[in-house]
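The values are calculated or read from the model by the stated rules, or taken from the named source; none is laboratory data. What you are looking at is a predicted structure, and each value in this text was computed from that prediction instead of being measured. Ideal geometry is used to build each Cβ from the backbone, glycine not excepted, and the neighbour counts take in all protein chains shown. SASA here: full protein model, heavy atoms, side chains in, ligands and nucleic acids out. Shrake-Rupley method; radii C 1.70, N 1.55, O 1.52, S 1.80 Å.
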Amino acid sequence: MTEQEINRVIQYVTASTSYGRELVAEIVHTGLGELVTLATQSSRHFDRDTLLEYVSQWTIRRTGQPEPLVREVLGCAGRWLDDLYEEVAQRRPESLGLSTNDDEDSAPV
């Protein structure tokens, strides 16, 4: 995900919520960054819901922001989180528990 795409996410979430740009940027950068790091460096297998729950909890702990705030911001950024999840699944399907010959509609193991 490019910096320009991340800025679009931040702009969208800022416009969709009552939170300031800096706060949204901190949460989005932390959440997306951990998702990328975990997916590219972990040898464990995660389904989408587990991975997104982990990213939410990680972001809450790292930023020190209240859970409802983090969940609202990441919820607004959900489309991009899903896109990033799909991108990782295509690049490294084994990190998400997919075999390389699974199609898009297959659920992770």
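Projected label points at Tyr12 and Tyr54, each 7 Å from Cα along the beta carbon direction, are separated by 2.4 nanometres. Sequentially through segment 50-64, phi angles give Karplus couplings (6.51, -1.76, 1.60; θ = phi - 60°) of 5, 4, 5, 5, 4, 4, 4, 5, 4, 5, 4, 5, 5, 8, x Hz, Gly and Pro residues having no value and appearing as x.
Stretching Arg71 away from Thr40 to a fully extended chain increases their span by 8.8 nm, per 0.36 nm per residue minus the current alpha-carbon distance.
Within the shell defined by Cβ-Cβ distances under 14 Å, the residues around Arg61 carry a net charge of -2, with Lys and Arg each +1 and Asp and Glu each -1.
In this Cβ point-charge picture (+1 for Lys and Arg, -1 for Asp and Glu), segment 3-90 has a dipole of about 180 debye about its Cα centre. Within the accessible surface of segment 3-90, defined with a 1.4 Å probe on protein heavy atoms only, the carbon and sulfur portion equals 47 percent.
In this simple spin-label approximation, Arg21 and Arg62 carry label points 7 Å from Cα along the Cα→Cβ vector, and these lie 2.2 nm apart.
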